[in-house]
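Below: one structure in structure tokens.
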Amino acid sequence: MSVTGCNDCEKQSGLVVPGSSSGGSSDALDIVVQTDTTPPLTVTTTETPTKKTFTISYNPYVGFSAALSLDSIVCSPSLKSGNTPLRGVTVTDVTLSWAFTRDGGGSIDVDQAINGNVITPISTKSITYSSQVITTNQTYTLVGDDGTTQETDSENLRFGDAFYRGEVEALITSGSSDAAAIAVIDALAFSINTSGVGLYVDGTKSGGSWYTYFAVRADLTPVFDDVNDPSLADPMTLVKTVTYNNGAESISYNLYRSVNGALINSRIQIKSIS
């Protein structure tokens with residue numbers, strides 16, 4: 001925009017131009033407004049004996065980001081670790097919350113949808129999906145649209161498996177009864193985990209009839225190591241397969257026993273699993 005001797009332009013834009021007055025001026029005046037990609041507003045001035053030029057650079061658009069979180073779940077039976085349900089249960093309720101934040105700070109409201117379902121009013125920032133029948137992993141994707149761009153974020157609802165581990169004063173072999181093996185599993189600590197990798201048992205007992213045990217569902221194949229003794233290639237051995245009820249379902253579990261009995265200062269862990 002180029003203006004010569006335009007006092008109205010000063011009033012409309014709110015820009016006070018040095019050297020101008022309501023009575024006009026003999027000087028020529030150029031005001032150049034241009035879009036820049038980097039805020040904030042900048043003003044530069046060039047001047048000749050007969051003309052002043054103001055260049056105003058600004059960014060008319062401020063971006064934003066989207067953040068989605070999985071707040072809580074309800075499942076039946078209620079077997080979960082945080083928001084990780086045990087495989088075999090049914091998730092009935094899922095609560096999500098989210099926020100849109102303007103670049104540089106400050107929350108904003110924009111058009112929004114989760115998994116393609118539009119959510120109104122735009123001031124809504126949480127939702128609970130009730131009376132669901134969810135038995136497999138789910139992904140929830142939030143999309144925000146301010147009319148200029150879209151931003152997205154996703155959260156996963158992932159089912160985990162039941163892992164059992166600990167030290168028990170009992171020697172289970174392939175010839176042991178199923179009841180004896182189940183009694184050992186009952187005595188172990190219970191965890192729900194999406195992978196099992198990194199779960200460990202610290203050795204606190206020494207020799208005798210104490211052994212370290214892991215029970216892992218039979219369709220998974222773990223690899224063990226002793227963090228404190230890397231020279232021991234395979235510290236665990238498979239001794240028994242039994243049908244075990246983990247609270248959600250009755251399935252086959254493999255029971256692994258330490259090869260050398262429980263050892264003080266050992267840390268036997270699941271190194272990998274497939």
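Read-outs: derived from the displayed coordinates by stated rules, not from any lab. Just so you know, these numbers come straight off a predicted model, no measurement behind them.
Normalised by the number of residues in the range 161-273, what is the relative contact order in percent for Cα pairs under 8 Å and 6+ residues apart?
36
Within straight cross-link reach of Lys51, meaning Cα distance under 27 Å, which lysines are found once same-chain residues fewer than 8 apart are removed?
Partners within reach: Lys11.
Residues with amide H under 5 Å of Leu199's amide H, sequence separation 5 or more or different chain, H placed in the peptide plane at 1.01 Å from N; which?
When sequence neighbours closer than 5 places are left aside, the close amide H contacts are Ile270.
Mind listing the Cα extents of the range 161-273 along all three principal axes, in Å, largest one first?
Cα extents, longest axis first: 36, 29, 19 Å.
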